[in-house]
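Below: one structure, written as structure tokens.
The values are calculated or read from the model by the stated rules, or taken from the named source; none is laboratory data. Quick caveat: nothing in here was measured; it's all calculated off a predicted structure. No Cβ is skipped: glycine too gets one built from the backbone with ideal geometry, and neighbour counts run over all protein chains shown.
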Amino acid sequence: MEEVRQKVEDAVDDLFNVKIEVALNRPAEQFGDYATNIALQLATQLNKKPGEIAEAIAAKLKDQFPKVEVASPGFINITLSDSELWKLAEAAPENIYKNQTIVIEHTDPNPFKEFHIGHAYSNTIGEALKRLFEVGGAATHQVSYHGDVGLHIAMAIWGIKKQVTGERLEVSDLKEEDRRKFLGKSYALGANHFKEDDKAAEEIREINKHIYDRDDDEINKLYDLGRKWSFDYFEDIYKTLNVSFEKQYYESETGHSGAKVVAENKDKVFKESDGAVVFEGDEEKGLHTRVFITSQGLPTYEAKELGLALAKQKDYPKANLFVVVTANEINEYFKVLIAALGEIDKELANKIRHISHGLVKLPSGKMSSRTGEVITLMQVIEMLEAAVKKLAKENPESINDNVLGALKYTFLKHRVGGDIIFDIEESISVEGNSGPYLQYALVRANSILSKAKAVTSNLSPLTSFEPEERSLLRKLSEYPEVVKSAAQELMPSHVCTYLYELAQTFNRFYEQNRVIGDERESIRIALVKKYTDTLKNGLMLLNIPTPEKM
């Protein structure tokens, strides 16, 4: 693509003495392999008609491409040679992040609470972004951040104490498989009473102070045990999702450092208000006033995030970019955080990129953790397993791969930002736009290769392709461009859309063209091999398993 762009830019420079970046796109196949509207862009500047400019550029390019045509009112369509198209299909994605160091923070489940479907959404997006950065040449570091102090912890410990007293049980005796649900039930119990019972709310606030001060043996014991159970559980989840973190940050650490920074910048960046320390909002900038230190002297979410940003900078001083993936429920908080940080360390604030996603809903609607009805990841996995088992009776060994394929692809095929509806049946369909559909497409193509006399990805530069072969090759040649676009825009959905279209293109080709036993077998096998490699690489970018059988 870059070679095509350069040739067009050189032609424009030679003809009109204008240096300009040319935008190329992929038109419908009947119009060629690339198209540009550069003539329309230059019309006003050159005071010429777009068609006249386009004809001049096309004439300049006609000896460099097999076909260059002008379409009204001034589009230029370019057709490549078959060998150039094959060369594009073999090209690696461009290293647009070469020599950059990128730190990605995501998932961030809080101890004493369930690992819900929103955490899995954040995890899936974060890992896909990491892989896109890496294929673009970046060195990446994946970290997570956890609210291991705060009212939600106090609510859970209050709930634990009530359950222990009411059911006369020893927390340490709970079986491993029961711990997760026990903690979730405890948090829901505490959260509901905090909202509805003033006495319970006061008791929870008192527990919260003890958690920060570490001055109560009973609370310390429950806190340490529940915290360990939670992080052991999270590690099991990460293994299931094939994701790992090299470092974990905790609010218990960033709260102190954040509070210190706020104190050091009081009267410069922050100010006192009714006993609290706040950052005053700016209506023109769309920012509202946020509390950073409460009237009780405790750091809020914003102060802890301030401490986190500085901690990451200290640990990764060479980082060019700090990406933070969260649900969009905290968008407004994050804007205030960046604004406050910008007045303290503008360079660091400019390195932070907040990627926010929507909520995950089942067709029945969103469920809230405050009522104890949170949609947990394990619940969704169990529903997916039950649905997949109905379709995978012959090859049950692929069930786990299909479940993960359904889960991750459903998240990633949507543009990051909006809410999504997670439909179980739709997500596992092998006839629609789903992860299992692509996994099956790969298995099917590999079975073709297994029957071939010889498998090669190498073709002679003189190889010419029949129309339907060329259609498949044309689609294959788009892969490096799609990956570049996804990496630039931080949109894994571009890869999903492309892989689905690629699989459909291959299906049309295979339905109309015999491969094994045809006189063009060697050429078509090379195309099938390029297809399987591309499909597999794309699924690996999305962190979706590639089973051998289905």
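In table form, for the structure just shown:
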{"item": "Test set (1) more than 24 Å from the chain's Cα centre (by Cα); (2) touching a residue at least 12 places away in the same chain (Cβ under 8 Å) - PHE234 fails condition number", "result": "(1)"}
{"item": "Check on LYS366, at pLDDT below 90, out of contact with any strand residue (DSSP E or B) (no Cβ under 7 Å at 6 or more places or on another chain) and of a type outside the set (Asp, Glu)", "result": "yes"}
{"item": "Residue match in segment 330-337 (condition: surrounded by 18 or more Cβ atoms within 10 Å (Cβ to Cβ), under 24 Å from GLN248 (Cα atoms) and in contact (Cβ under 8 Å) with a residue 60 or more places away in the chain)", "result": "no"}
{"item": "Segment 111-137 - residue that is touching a Phe, Trp or Tyr at 6+ places or on another chain (Cβ under 7 Å) and surrounded by fewer than 22 Cβ atoms within 10 Å (Cβ to Cβ) and, of those, farthest from VAL360 (Cα to Cα)", "result": "GLY137"}
{"item": "Check on PHE133, among the hydrophobic types (A, V, I, L, M, F, W, C) and farther than 16 Å from GLU251 by Cβ", "result": "yes"}
{"item": "Segment 235-261, subset within 29 Å of GLU203 (Cβ to Cβ), buried (at least 21 other Cβ atoms within 10 Å of the Cβ) and out of contact with any Asp or Glu (no Cβ under 9 Å at 6 or more places or on another chain), residue modelled with the lowest pLDDT", "result": "GLY255"}
{"item": "Selection within segment 338-357 - assigned to a helix (DSSP H, G or I) and of a type in the set (Val, Ile, Thr)", "result": "ILE338, ILE344"}
{"item": "Test: SER485 is in a helix (DSSP H, G or I), closer than 30 Å to LEU321 by Cα, small (Gly, Ala, Ser) and out of contact with any strand residue (DSSP E or B) (no Cβ under 7 Å at 6 or more places or on another chain)", "result": "yes"}
{"item": "Residue match in segment 165-175 (condition: surrounded by 18 or more Cβ atoms within 10 Å (Cβ to Cβ), within 28 Å of LYS304 (Cα to Cα) and free of Cβ contacts under 8 Å to residues at least 60 places away in the same chain)", "result": "no"}
{"item": "Yes/no for GLY418 being of a type outside the set (A, V, I, L, M, F, W, C) and surrounded by fewer than 22 Cβ atoms within 10 Å (Cβ to Cβ)", "result": "yes"}
{"item": "Residue list for segment 211-234, filter: surrounded by fewer than 17 Cβ atoms within 10 Å (Cβ to Cβ) and either among the acidic types (Asp, Glu) or over 17 Å from HIS119 (Cβ atoms) (or both)", "result": "ASP213, ARG214, ASP215, ASP216, ASP217, GLU218, ASN220, LYS221, ASP224, LEU225, LYS228, ASP232"}
{"item": "Matching residues in segment 95-116 - criterion: being in contact with a Ser or Thr (Cβ under 7 Å, 6 or more places away or on another chain) and either charged (D, E, K, R) or assigned to a helix (DSSP H, G or I) (or both)", "result": "GLU105, ASP108, LYS113, GLU114"}
{"item": "Qualifying residue in segment 298-305 (condition: surrounded by fewer than 21 Cβ atoms within 10 Å (Cβ to Cβ), farther than 30 Å from ARG131 by Cα and in contact (Cβ under 8 Å) with a residue 24 or more places away in the chain)", "result": "yes"}
{"item": "Residue within segment 194-202 that is within 18 Å of THR376 (Cβ to Cβ) and either in a helix (DSSP H, G or I) or not assigned by TED's automatic domain parsing to the domain that holds LEU222 (or both) present", "result": "no"}
{"item": "Output for segment 401-430, where each listed residue is assigned to a loop (DSSP other than H, G, I, E, B) and hydroxyl-bearing (Ser, Thr, Tyr)", "result": "SER429"}
{"item": "Matching option when the condition is of a type in the set (A, V, I, L, M), surrounded by fewer than 19 Cβ atoms within 10 Å (Cβ to Cβ), out of contact with any Ser or Thr (no Cβ under 9 Å at 6 or more places or on another chain) and modelled with pLDDT of 95 or more, among LEU490, LEU473, LEU541", "result": "LEU490"}
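The rows are residues; the columns are (1) in the same structural domain as ILE237 (by TED's automatic domain parsing); (2) part of a loop (DSSP other than H, G, I, E, B); (3) over 26 Å from GLU305 (Cα atoms).
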position: GLY126; (1), (2), (3): no, no, no
position: PHE133; (1), (2), (3): no, no, no
position: GLN142; (1), (2), (3): no, no, no
position: HIS152; (1), (2), (3): yes, no, no
position: GLN163; (1), (2), (3): yes, no, yes
position: GLU177; (1), (2), (3): yes, no, yes
position: ILE204; (1), (2), (3): yes, no, no
position: ASP215; (1), (2), (3): yes, yes, no
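Matching residues to (1) in contact (Cβ under 8 Å) with a residue 24 or more places away in the chain; (2) more than 30 Å from VAL243 (Cα to Cα); (3) surrounded by fewer than 19 Cβ atoms within 10 Å (Cβ to Cβ); (4) touching a Pro at 6+ places or on another chain (Cβ under 9 Å):
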{"residue": "MET155", "(1), (2), (3), (4)": "yes, no, no, no"}
{"residue": "GLN163", "(1), (2), (3), (4)": "yes, yes, yes, no"}
{"residue": "GLY190", "(1), (2), (3), (4)": "yes, yes, no, no"}
{"residue": "ILE207", "(1), (2), (3), (4)": "yes, yes, no, no"}
